[in-house]
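The structure appears below as structure tokens.
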Amino acid sequence: MSTIAPPIDPESDPRVKAVFDDIRETRGSDFINNLWPHLAFDPALLKEVWSEVKAVMATQSEIDPLTKEMIYMAVSIANACSYCVHSHTAAARTKGMTDGMYAELLRIVSLAGRTNHLANALQLPIDQVFDRSAGGAS
């Protein structure tokens, strides 16, 4: 259950409508997923979050769109955000993620979690070769 009810008619606010229209245009779809109407209770927050999502996820960069979605999935899994896991898994599938790629991603995420826990428990010192500030890897 949501912690806040979305506005009944969010697009009656022109600020919200402008953001929703930009989401539709950017994604090439009329679908507005649940995050956006729920953020519409605060049009400034809605605009801020969408602007950042658009700048990072929908703008061409050195990282391809599928890899971006898979990174987002990994972070969402680590943060236990069920909504984002579902949303970005669906987005990754539309960008070409296969079942084999999904299985490999899950192996990497679970391995990273395990080794992160071990390294944290052992309180390992950072290898100098990994520490750029100490003249390590560049």
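Here, each number is a calculation from the coordinates, and none is a lab measurement. Model, not experiment: these values are computed from the prediction.
Here is how the numbers come out for the structure above:
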read-out: Kirkwood estimate for the chain, i.e. one over the average of 1/r between Cα atoms, Å; value: 17.7 Å
read-out: Nonlocal Lys pairs with alpha-carbon distance under 17 Å, the chain (8 or more apart, or different chains); value: 5
read-out: Part-to-part distance (alpha-carbon centres) for region 1-24 and region 64-138, which is given in Å; value: 31 Å
read-out: HN-Hα J in Hz across region 36-47 - Karplus 6.51, -1.76, 1.60, θ = phi - 60°, x for Gly and Pro; value: 5, x, 6, 6, 5, 4, 10, x, 5, 5, 3, 5
read-out: Whole-number percent relative contact order across the chain, with pairs defined as alpha carbons under 8 Å at least 6 apart; value: 14 percent
read-out: Under the Karplus curve 6.51 cos²θ - 1.76 cosθ + 1.60, θ = phi - 60°, whole-Hz ³J(HN,Hα) for region 79-93, x wherever Gly or Pro sits; value: 8, 6, 9, 4, 4, 5, 4, 5, 4, 7, 5, 4, 5, 5, 4
